[in-house]
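Beneath this line is the structure, given in structure tokens, with notes to follow.
Just so you know, all these numbers are worked out from the coordinates, no wet-lab data involved. Just so we're clear, the structure is a prediction, and the values are computed from it rather than from any experiment. Positions of Cβ are backbone-derived with ideal geometry, glycine not excepted, and every protein chain shown enters the neighbour counts.
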Number of protein chains: 2
Amino acid sequence: MPGNGSLGAHPAHTVVLGIDPSLRGTGYGVVESRQRVIRAVAQGVVTCPTAWPRSRCLAQISVAMREVVRDHRPTVCVVEGLFYAQNLQTALAMGEARGASLAAVAEAGLEVYEIAPRKVKQAMVGHGAAQKLAVARMVQRRLELAETPAADAADALALALTYLQEQGRYLLSPLKRV
Amino acid sequence: MPGNGSLGAHPAHTVVLGIDPSLRGTGYGVVESRQRVIRAVAQGVVTCPTAWPRSRCLAQISVAMREVVRDHRPTVCVVEGLFYAQNLQTALAMGEARGASLAAVAEAGLEVYEIAPRKVKQAMVGHGAAQKLAVARMVQRRLELAETPAADAADALALALTYLQEQGRYLLSPLKRV
């Protein structure tokens, strides 16, 4: 097999952007897989003070995601799918943050996929009801990070890792493109 | 009073962008008020085929709103507030379309305000339970349009008109900035 050729369903080089969108604290994480070696390229949280009008937060999220894409050139984006919202207002606010993020990454030409939160937890910790901290610690371990990432960034990194893991399994269950 | 000076709460020249965001058909309308004379500057619907992935629609909405802002230089944007959604999935999709729209207009520096749908109907037709067509016809009449605008564009124009009407009333009830 050639060293840097395509491995079919498991390409030799993939850069994945995971996003966990939220109005006041959107987590993101960029994970690169090269020759099956995985490493974290970037991670962080886009924080917006509660004093800001919502529309300013949305602009900030959009700008930040555009910068991440420009700086790290991911080709694929992964967000949570089928998640839970307490009520319509929460769902609306979550939707707004998603819309601001996904508009920016889709405009840059990335394909966007959804993975259910339960599936992410299962892929990371082995069971679907794992606590946030358990996920963050497993993300830290898998990516050999010096510190446990912030919860929102950890969720985003976990999405990217799960995507790569699913790709490695030759997509027995195809991911949902959105 | 100077001819083109400021009239305090009712500025001599205002350009308002109304948006009625939705994933497959985002309506927009730009209304200009100059010396208390009101006219429609632009209107339309950003349609996205159902075959498109959602993220592509969001990018399209964002691009279209950026173009409208660039072409017509509105300084204020108005969207519906406190609306009704049938379920969480609908609220999420509506939120996504809002997020894509508002990120674009807020990034361009516009202030964004919300007006409740009931208030728009009341301002346009005189009662809060008016039918869509009645609103569209009143929008047509007030703006002296040759044709009845498409429903989604009419809703957006109605939002812009209601904003200007509220401004004219010197904001007895302040609008909610988002």
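What would the Debye formula give as log10 I(q)/I(0) at q = 0.06, 0.10, 0.15 Å⁻¹ for the alpha-carbon point model of the protein assembly as shown, no solvent?
Debye intensities relative to I(0), on a log10 scale: -0.26, -0.64, -1.17.
Between B:R141 and A:A151, what FRET efficiency follows from the Cβ-Cβ distance if R0 is 41 Å, with the result rounded to 0.05?
Here the calculated transfer efficiency is 0.15.
Roughly what % antiparallel, to the nearest 5, for the DSSP beta bridges in chain A?
Once the DSSP bridges in chain A are tallied, antiparallel ones form about 70 percent.
What Cys residues in the protein assembly as shown have no fellow cysteine's beta-carbon under 4.7 angstrom?
A:C77, B:C77
Pairs of Cα atoms under 8 Å, at least six residues apart: use those to get the relative contact order of chain A, whole percent.
It rounds to 28 percent for chain A.
How many Cβ atoms of partner chains, on average, are near each residue of A:61-71 if near means within 10 Å of its Cβ?
The per-residue average across the peptide is 1.
Run lengths n ≥ 4 of DSSP H only: what is the helix-derived mean residue ellipticity at 222 nm for the protein assembly as shown, with -39500 (n - 2.57) per run over all residues, to the nearest 500?
Only helices count here, giving -14000 deg cm²/dmol.
Determine the shielding of peptide B:49-60 by partner chains: average, over its residues, the number of Cβ atoms on other chains within 10 angstrom of each Cβ.
Per residue, the number of nearby Cβ atoms from other chains is 6 on average.
Please report how many Lys pairs in the protein assembly as shown have alpha carbons closer than 28 angstrom, counting only residues at least 8 apart along the chain or sitting on separate chains.
Number of lysine pairs found: 10.
Quick one: which of B:113-126, A:98-111 comes out on top by average Cβ neighbours within 10 Å, and what's the full order, highest first?
A:98-111, B:113-126
Sticking with the crude label model, points 7 Å out along Cα→Cβ, report the distance from B:R73 to B:K176 in nm, one decimal please.
About 3.2 nm separates the two model spin labels.
Any chance you could run the full-extension gain for B:R34 through B:K132? It's 0.36 nm times the residue separation minus the Cα-Cα distance, nm to one decimal.
32.5 nm
Counting only residues 5 or more places away or on other chains, whose amide H sits under 5 Å from the amide H of B:A12 once H atoms are built in the peptide plane?
B:L7
Within 10 Å of each Cβ of B:107-118, how many other protein chain Cβ atoms are there on average?
2
Put a label point 7 Å from Cα along the Cβ direction on B:Q89, then list its distances to the equivalent points in the other copies in nm, shortest first.
Those separations, rounded to one decimal, come out as 2.5 nm.
At 7 angstrom along the Cα-to-beta-carbon line, where would the label on B:H72 sit relative to the other copies? Give the distances in nm, shortest first.
Here B:H72 shows inter-copy label distances of 3.8 nm.
List, in order, the whole-Hz ³J(HN,Hα) value for each residue of region A:65-77 obtained from phi through the Karplus relation with A = 6.51, B = -1.76, C = 1.60 and θ = phi - 60°; use x for Gly and Pro.
5, 5, 5, 4, 5, 5, 6, 10, 6, x, 10, 9, 10
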